Amino acid sequence: PNKKRVENALGGELFFTPICVLSLSGKPGIDGNLEDAEQWGPAIASRHPITDRKHLFYKGTPEEVHVNLNNDPADCRAMQRVSVSINGTQWELGNLHNTWARDGLNVTDEQKKDYIRLRDYLTQNADLILCGDLNTARGAEIWDDLSGRLKDNIPSDIRTTLDRPDLIPNNILRVVDGLWTGPSYKATNVDVHLGFSDHGLITANVSKVS
(Lines give C-alpha, C1' and ligand atoms only; values in the text may rest on other atoms or scores of the structure.)
Protein backbone atom coordinates (compact mmCIF):
# COMPACT_ATOMS: atom_id res chain seq x y z
CA PRO A 1 0.00 0.00 0.00
CA ASN A 2 0.96 3.65 -0.31
CA LYS A 3 1.91 4.04 3.34
CA LYS A 4 2.25 7.82 3.34
CA ARG A 5 -1.07 8.32 1.57
CA VAL A 6 -2.87 6.15 4.12
CA GLU A 7 -1.16 7.89 7.04
CA ASN A 8 -2.04 11.32 5.66
CA ALA A 9 -5.69 10.33 5.21
CA LEU A 10 -5.78 8.77 8.66
CA GLY A 11 -3.88 11.50 10.44
CA GLY A 12 -1.82 8.85 12.20
CA GLU A 13 0.56 5.92 11.71
CA LEU A 14 0.35 2.67 9.75
CA PHE A 15 2.21 -0.56 10.52
CA PHE A 16 2.07 -2.90 7.51
CA THR A 17 3.44 -6.45 7.36
CA PRO A 18 3.57 -8.02 3.87
CA ILE A 19 2.89 -11.76 3.90
CA CYS A 20 2.50 -12.34 0.16
CA VAL A 21 2.79 -10.78 -3.27
CA LEU A 22 -0.35 -11.12 -5.36
CA SER A 23 -1.67 -10.18 -8.77
CA LEU A 24 -5.41 -9.91 -9.29
CA SER A 25 -5.14 -9.93 -13.10
CA GLY A 26 -2.37 -12.48 -13.68
CA LYS A 27 -1.23 -10.42 -16.68
CA PRO A 28 2.52 -10.54 -17.38
CA GLY A 29 4.30 -7.21 -17.58
CA ILE A 30 7.17 -6.13 -19.82
CA ASP A 31 9.80 -7.60 -17.49
CA GLY A 32 8.01 -10.96 -17.27
CA ASN A 33 6.65 -10.25 -13.80
CA LEU A 34 2.95 -9.80 -13.16
CA GLU A 35 2.18 -6.20 -14.04
CA ASP A 36 -0.10 -5.43 -11.09
CA ALA A 37 1.67 -7.61 -8.50
CA GLU A 38 1.80 -5.97 -5.11
CA GLN A 39 2.40 -6.78 -1.49
CA TRP A 40 -0.57 -7.85 0.62
CA GLY A 41 -0.78 -8.36 4.36
CA PRO A 42 -2.24 -7.24 7.69
CA ALA A 43 -1.93 -3.67 8.95
CA ILE A 44 -2.54 -1.71 12.14
CA ALA A 45 -3.48 1.96 11.86
CA SER A 46 -3.45 4.31 14.83
CA ARG A 47 -4.06 7.99 15.46
CA HIS A 48 -2.11 7.56 18.71
CA PRO A 49 1.70 7.21 18.75
CA ILE A 50 2.98 3.70 18.09
CA THR A 51 5.89 3.32 20.49
CA ASP A 52 6.87 -0.24 19.58
CA ARG A 53 6.07 -2.53 16.68
CA LYS A 54 6.96 -6.10 15.82
CA HIS A 55 5.69 -9.07 13.87
CA LEU A 56 5.83 -12.78 14.59
CA PHE A 57 6.09 -14.91 11.46
CA TYR A 58 4.58 -18.17 12.67
CA LYS A 59 4.62 -19.60 9.14
CA GLY A 60 7.40 -18.80 6.70
CA THR A 61 9.84 -15.89 6.98
CA PRO A 62 9.89 -12.26 5.79
CA GLU A 63 12.41 -13.29 3.13
CA GLU A 64 10.01 -15.84 1.63
CA VAL A 65 7.47 -13.13 0.90
CA HIS A 66 9.65 -11.94 -1.98
CA VAL A 67 10.62 -15.32 -3.46
CA ASN A 68 8.33 -14.86 -6.47
CA LEU A 69 5.43 -12.77 -7.65
CA ASN A 70 2.85 -15.53 -7.77
CA ASN A 71 3.31 -17.25 -4.43
CA ASP A 72 0.42 -18.73 -2.53
CA PRO A 73 -0.84 -16.27 0.11
CA ALA A 74 -0.67 -19.16 2.59
CA ASP A 75 3.13 -19.35 2.21
CA CYS A 76 3.61 -16.87 5.07
CA ARG A 77 1.53 -15.94 8.08
CA ALA A 78 2.33 -13.28 10.66
CA MET A 79 0.84 -11.74 13.76
CA GLN A 80 1.48 -8.05 14.29
CA ARG A 81 1.91 -6.53 17.73
CA VAL A 82 2.18 -2.86 18.60
CA SER A 83 2.41 -0.74 21.73
CA VAL A 84 0.34 2.44 21.50
CA SER A 85 0.58 5.39 23.87
CA ILE A 86 -2.84 6.82 24.81
CA ASN A 87 -2.75 9.70 27.28
CA GLY A 88 0.54 8.43 28.66
CA THR A 89 -0.69 4.83 29.11
CA GLN A 90 0.61 1.92 27.03
CA TRP A 91 -1.89 -0.29 25.20
CA GLU A 92 -0.91 -3.58 23.55
CA LEU A 93 -2.65 -4.54 20.30
CA GLY A 94 -2.30 -7.52 17.98
CA ASN A 95 -3.59 -8.28 14.51
CA LEU A 96 -3.47 -11.47 12.44
CA HIS A 97 -4.69 -13.14 9.25
CA ASN A 98 -4.51 -16.85 9.93
CA THR A 99 -3.96 -19.81 7.59
CA TRP A 100 -6.86 -20.28 5.18
CA ALA A 101 -9.22 -23.25 4.88
CA ARG A 102 -12.15 -23.62 2.52
CA ASP A 103 -15.17 -23.85 4.80
CA GLY A 104 -13.75 -22.43 8.04
CA LEU A 105 -15.26 -25.15 10.22
CA ASN A 106 -13.19 -28.23 9.47
CA VAL A 107 -9.74 -27.40 10.82
CA THR A 108 -6.95 -28.61 8.52
CA ASP A 109 -3.64 -30.18 9.50
CA GLU A 110 -1.90 -27.14 8.03
CA GLN A 111 -3.89 -24.81 10.27
CA LYS A 112 -3.12 -26.92 13.33
CA LYS A 113 0.60 -26.94 12.56
CA ASP A 114 0.74 -23.17 12.00
CA TYR A 115 -1.34 -22.42 15.07
CA ILE A 116 1.14 -24.13 17.42
CA ARG A 117 3.70 -21.30 17.15
CA LEU A 118 1.02 -18.65 17.50
CA ARG A 119 -0.42 -20.45 20.52
CA ASP A 120 3.00 -20.74 22.18
CA TYR A 121 3.63 -17.02 21.70
CA LEU A 122 0.23 -16.05 23.11
CA THR A 123 0.76 -18.33 26.10
CA GLN A 124 3.62 -16.04 27.17
CA ASN A 125 2.20 -12.77 25.78
CA ALA A 126 -1.54 -12.92 26.41
CA ASP A 127 -2.27 -9.47 27.86
CA LEU A 128 -3.32 -7.60 24.74
CA ILE A 129 -6.21 -6.72 22.45
CA LEU A 130 -6.15 -9.19 19.54
CA CYS A 131 -8.23 -8.96 16.41
CA GLY A 132 -8.22 -10.45 12.95
CA ASP A 133 -9.37 -13.14 10.57
CA LEU A 134 -8.75 -16.52 12.20
CA ASN A 135 -9.97 -18.40 9.10
CA THR A 136 -11.45 -21.04 11.37
CA ALA A 137 -14.92 -20.78 12.83
CA ARG A 138 -16.22 -20.22 16.31
CA GLY A 139 -16.93 -23.68 17.70
CA ALA A 140 -13.94 -25.29 15.96
CA GLU A 141 -10.92 -26.38 17.99
CA ILE A 142 -8.53 -23.53 17.14
CA TRP A 143 -11.08 -20.82 17.90
CA ASP A 144 -12.03 -22.55 21.13
CA ASP A 145 -8.39 -22.98 22.19
CA LEU A 146 -7.60 -19.31 21.54
CA SER A 147 -10.77 -18.29 23.39
CA GLY A 148 -9.56 -20.30 26.38
CA ARG A 149 -6.48 -18.09 26.53
CA LEU A 150 -8.10 -14.73 25.74
CA LYS A 151 -11.69 -13.55 26.17
CA ASP A 152 -13.83 -13.97 23.03
CA ASN A 153 -15.88 -10.78 22.70
CA ILE A 154 -18.01 -11.57 19.65
CA PRO A 155 -21.63 -11.65 20.87
CA SER A 156 -23.24 -15.09 20.81
CA ASP A 157 -26.12 -13.83 18.65
CA ILE A 158 -23.77 -12.87 15.80
CA ARG A 159 -24.18 -15.68 13.26
CA THR A 160 -21.56 -14.72 10.67
CA THR A 161 -18.72 -12.34 9.95
CA LEU A 162 -18.57 -13.40 6.30
CA ASP A 163 -20.02 -11.16 3.58
CA ARG A 164 -20.13 -11.23 -0.23
CA PRO A 165 -22.34 -14.35 -0.78
CA ASP A 166 -20.97 -14.69 -4.32
CA LEU A 167 -17.55 -15.49 -2.87
CA ILE A 168 -18.74 -17.83 -0.11
CA PRO A 169 -19.36 -21.52 -0.96
CA ASN A 170 -23.00 -22.53 -0.37
CA ASN A 171 -23.69 -19.23 1.45
CA ILE A 172 -22.29 -20.69 4.66
CA LEU A 173 -22.60 -18.73 7.90
CA ARG A 174 -19.40 -18.62 9.94
CA VAL A 175 -17.94 -16.37 12.62
CA VAL A 176 -14.27 -16.44 11.60
CA ASP A 177 -13.24 -12.89 12.55
CA GLY A 178 -12.69 -12.11 16.19
CA LEU A 179 -11.88 -9.63 18.91
CA TRP A 180 -10.15 -11.11 21.94
CA THR A 181 -8.92 -9.35 25.08
CA GLY A 182 -6.41 -10.14 27.80
CA PRO A 183 -6.98 -9.49 31.52
CA SER A 184 -6.10 -5.77 31.37
CA TYR A 185 -8.77 -4.93 28.80
CA LYS A 186 -12.56 -4.93 28.56
CA ALA A 187 -14.57 -4.74 25.33
CA THR A 188 -18.16 -3.44 25.22
CA ASN A 189 -20.67 -2.54 22.49
CA VAL A 190 -19.14 -5.13 20.16
CA ASP A 191 -20.92 -5.36 16.81
CA VAL A 192 -20.38 -6.66 13.27
CA HIS A 193 -21.32 -4.52 10.27
CA LEU A 194 -21.73 -6.07 6.81
CA GLY A 195 -21.50 -4.46 3.39
CA PHE A 196 -17.88 -3.27 3.45
CA SER A 197 -15.87 -6.19 2.05
CA ASP A 198 -15.94 -10.01 1.91
CA HIS A 199 -15.77 -9.95 5.72
CA GLY A 200 -17.71 -7.86 8.19
CA LEU A 201 -16.35 -4.87 10.06
CA ILE A 202 -16.05 -5.37 13.82
CA THR A 203 -16.44 -2.32 16.05
CA ALA A 204 -16.14 -2.07 19.83
CA ASN A 205 -15.35 0.20 22.74
CA VAL A 206 -12.32 -1.11 24.61
CA SER A 207 -11.21 0.17 28.00
CA LYS A 208 -8.42 -0.58 30.43
CA VAL A 209 -9.35 -2.58 33.51
CA SER A 210 -8.21 -0.68 36.59
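The values are calculated or read from the model by the stated rules, or taken from the named source; none is laboratory data. This is a predicted model, so every value here is computed, not measured. Because the Cβ atoms are built from the backbone with ideal geometry, glycine has one as well, and the counts that use them run over all protein chains shown. In case anyone asks, the SASA skips ligands and DNA or RNA and just uses the protein heavy atoms, side chains included. Shrake-Rupley method; radii C 1.70, N 1.55, O 1.52, S 1.80 Å.
What relative contact order, as a whole-number percentage, does the stretch 80-210 give when Cα pairs under 8 Å and 6 or more residues apart are counted?
Numbers: 240 pairs, mean separation 28.7, N = 131.
So the answer I get is 22 percent.
Taking the Cα atoms of the stretch 78-210, the ratio Rg/Rh between the radius of gyration and the Kirkwood radius comes to 0.96. For Asn125, neighbours were defined as the other residues whose beta-carbon sits under 9 Å from its Cβ, and their charges (Lys and Arg +1, Asp and Glu -1) total -1. Of interest is the spacing of the C-alpha centroids, which for the stretch 78-96 and the stretch 172-210 amounts to 16 Å.
The lysines within cross-link reach of Lys4, meaning a Cα-to-Cα straight distance under 21 Å and a gap of 8 or more places when in the same chain, are Lys54. So the label point goes 7 Å from the Cα of Val190 along Cα→C-beta, right? Which residues of the stretch 104-146 then have their backbone N under 14 Å from it? Correct set: 128-134, 138-139, 143-146. His199 contributes about 40 Å² of solvent-accessible surface, heavy atoms of the protein only, 1.4 Å probe. A straight Cα-to-Cα reach below 19 Å connects Lys113 with the lysines Lys59, residues fewer than 8 places away in its own chain not being considered.
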